[in-house]
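As structure tokens, the structure follows; a few thoughts come after it.
Where a number appears in this text, it was derived from the coordinates with a stated rule and is not lab data. The structure displayed is predicted, hence computed values, not measured ones. Every residue, glycine among them, receives a Cβ derived from its backbone with ideal geometry; neighbour counts consider all protein chains shown.
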Amino acid sequence: MRIRRPGTAAGCPSSAWAERWLLKAEVAVSTKVGRIIVPRPEASKYGHRVEADYDEAFPTQKYHNNVVVWDYRKEGVEEALRQCQRRLQRTLIDCVRVHDAESQERWQEACSQGGAVDTLVSMRRAGAIGQVSLGFNSMEFLLKSVKAFPVGTFDNIMVARTWNLLDQSAYPLLLECQNRGIRVHIAAPFCAGLLWGQSLFMYSSTVPVEATEKAKRWQDLGSSYGLSLPQLALAFAFLPACVERIAIGCASPEQVRSNVGLCGVKVPAELWQRAKAEGLLPASMEIS
């Protein structure tokens, strides 16, 4: 696997390039399908497809009287896209991802003949959408999906939680994507807070002790080269040649500027080799 991106020492675009991109590039819009919004009074007819966890995690009754229902069938995907287009007030969507098909039932529905993936491929062929993508937290279901379809089916995929300084389990998936020419977008490169120095880990305030300890070891290693933990985290996310974009959550303009400022940092190859020697990265991982 080619790990370092050509022409960059750290595998990360320069901060000047990133800032120009933010200021001048056209906006590309991505959205997700796999869920639709229905009025709460109609929820009972959808049975187990109602996402009860959404009501518990994100109570919205004081804003609207709708609920979330999962649906990876052709009709569900078409309705999900229509709803997104209405909310975005935009007809052409540049990239559409099949989202969270991470149980066997959901995956089977999404990837069966005439399901979500086939529907998006047909839409792309007709010019109704730009790119066909996947967006899962589960590396296993992402890899299973990629292998289930011919080369050329997916333009890109979004990989969340499984390629960062604390978890490299997506490595086999990245190898497969590189071999198939699938571009990769990485989400949660900072483990949703911990690698930015916050007491949050993967969207939870409960931080495993081993995660805290490993983050501290990375911080110490980076400090010995004059690098911060966030600088290392972003540079690592960009190491694979197949990685095209990084998705970072920002809550303010200052956070956007701070994240852009992480770009262009040169990380010596020696640091990654030391990380392997110290057990922070798998010894089998190829880093040039």
Inset, instruction - Rounded to the nearest Å, what's the spacing between the alpha carbon centres of the stretch 99-124 and the stretch 154-202? Just the number, please. - result: 21
Inset, instruction - Could you tally the net charge around GLU51, taking each other residue with its Cβ under 12 Å from the Cβ of GLU51, Lys/Arg +1 and Asp/Glu -1? - result: -2
Legend entry - Rounded to 10°, Cα long-axis angle of helix 116-125 versus longest principal axis of the chain: 90
Legend entry - Neighbourhood charge, 10 Å Cβ-Cβ cut-off, centred on SER138 and excluding it, Lys, Arg +1 and Asp, Glu -1: -1
Legend entry - Dimensions in Å of the stretch 57-103 - Rg and Dmax from alpha carbons: 12.6, 33
Inset, instruction - May I ask for the net charge around GLY114, where only other residues with Cβ less than 14 Å from the Cβ of GLY114 are counted and Lys, Arg are +1 while Asp, Glu are -1? - result: -3
Inset, instruction - Quick one: grab the alpha carbon gyration tensor of the stretch 21-132, order the square roots of its eigenvalues as a ≥ b ≥ c, and give me rounded if a/c is under 1.5, else prolate or oblate depending on whether a/b is larger than b/c. - result: oblate
Inset, instruction - Let me have the relative contact order for the stretch 186-288, percent, based on Cα pairs under 8 Å that are six or more residues apart. - result: 26
Legend entry - Tilt relative to the chain, helix 171-180 - C-alpha long axis, 0 to 90 degrees, to 10: 70
Legend entry - For the stretch 30-91: span of alpha carbons on each principal axis (Å, largest first): 30, 25, 19
Inset, instruction - List, largest first, the extents of the alpha carbons of the stretch 96-192 along their principal axes, each in whole Å. - result: 40, 27, 23
Inset, instruction - Any of LYS216/LYS276; LYS144/LYS214; LYS144/LYS276 with alpha carbons more than 21 Å apart? Name them for me. - result: LYS144/LYS214; LYS144/LYS276
Inset, instruction - Based solely on C-alpha atoms, express the radius of gyration and the Dmax of the stretch 152-225 in angstrom. - result: 14.4, 44
Legend entry - Burial ranking of peptide ranges 57-67, 87-97, 123-133 (average Cβ count within 10 Å, highest at the top): 123-133, 87-97, 57-67
Inset, instruction - Take the eigenvalues of the Cα gyration tensor for the stretch 191-277, scale each by 5, and report the square roots as semi-axes in whole Å, largest first. - result: 20, 18, 12
Inset, instruction - Could you run the Karplus curve 6.51 cos²θ - 1.76 cosθ + 1.60 with θ = phi - 60° over the stretch 51-56 and give me ³J(HN,Hα) per residue in whole Hz, x for Gly and Pro? - result: 7, 4, 4, 5, 4, 6
Inset, instruction - Show that you can apply the helix-only estimate: for the chain, add -39,500 (n - 2.57) for every DSSP H stretch of four or more residues, divide by all residues, and state [θ] at 222 nm to the nearest 500. - result: -11000 deg cm²/dmol
Inset, instruction - Report the Stokes-Einstein translational diffusion coefficient (µm² s⁻¹, integer) for the chain, Rh taken as the Kirkwood radius over Cα pairs, at 10 °C with viscosity 1.306 mPa s. - result: 78
